[in-house]
Amino acid sequence: HGNLLVFRRPKRYTFRTNMSTYRPNAAVIVTDGNGQVLLCERADLPGAVQTVQGGIDASESPEQAARRELSEEIGLTHAQYEIVGSIAEPMRYVWPEEVKQWFVEHKELSDYDGQEQYFFLAKVDPGVPFNLTAHAQEFSRVWWGTPEEMVERSWEYKRPILKSALERFGLLTP
């Protein structure tokens with residue numbers, strides 16, 4: 001066969017469009033209208049706090065995905081919340097190598113390098129009941145906390161865009 005050299009570019013240098021590199025995602029910051037935000041602790045990662053969020057299906061707009069996630073993850077009906085804010089352009093973050101490796105090992109989301117999140121702000125009555133088992137349970141518990149606590153308890157690689165979204169919604173001062 002002779003000496004045949006094959007040069008392969010590393011995956012991160014492979015040309016791909018933005019939509020195939022970043023997973024389209026809708027994130028919803030839930031507020032009580034009094035400065036508190038809903039902190040959602042992941043069932044599979046105790047101590048890890050995040051917003052209500054999830055991937056945007058091909059047939060959905062970002063807002064439709066946000067509304068679906070509010071129903072699936074915390075059991076809210078349309079009558080129980082109002083979308084009071086949104087950020088038109090998505091914000092991106094890259095997953096750390098250990099997260100990417102976990103996705104590869106579990107055969108999930110391995111085609112992506114990170115997420116492209118469309119943020120929404122949903123206002124609810126402070127006494128609204130949350131149903132964490134309305135669909136597949138993602139959260140072990142939810143509670144009201146401060147925007148600062150949301151940023152501090154979220155994953156380090158997501159903090160910059162979460163902080164930016166909270167500031168743009170007027171829940172944090174820059």
Residue in the range 156-170 that is assigned to a loop (DSSP other than H, G, I, E, B) and among the aliphatic types (A, V, I, L, M) present: no
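Looking at F120, F130, which is the one that is within 22 Å of Q64 (Cβ to Cβ) and touching a Pro at 6+ places or on another chain (Cβ under 8 Å)? Explain how you work it out, then say what you get.
Numbers: F130 fails: touching a Pro at 6+ places or on another chain (Cβ under 8 Å).
After ruling out the rest, the residue left standing is F120.
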Every residue from the range 116-160 that is of a type in the set (D, E, K, R) and open to solvent by less than 20 Å² (accessible area, probe 1.4 Å): E116, K158
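Looking only at strands (runs of 3 or more DSSP E) that fall completely inside the range 1-106, which ones have 2 or more residues that are open to solvent by 20 Å² or more (accessible area, probe 1.4 Å) and at pLDDT below 95? Spell out how you get there, then give the answer.
Details: elements: 22-31, 37-42, 52-55, 81-86, 91-94.
Output list reads 22-31, 91-94.
The values are calculated or read from the model by the stated rules, or taken from the named source; none is laboratory data. The structure displayed is predicted, hence computed values, not measured ones. Methodologically, a virtual Cβ is constructed for each residue, glycine included, from the backbone with ideal geometry; neighbour enumeration extends over all protein chains shown. To get the accessible areas, we keep the full protein, side chains included, count just its heavy atoms, and leave off ligands, DNA and RNA. Shrake-Rupley method; radii C 1.70, N 1.55, O 1.52, S 1.80 Å.
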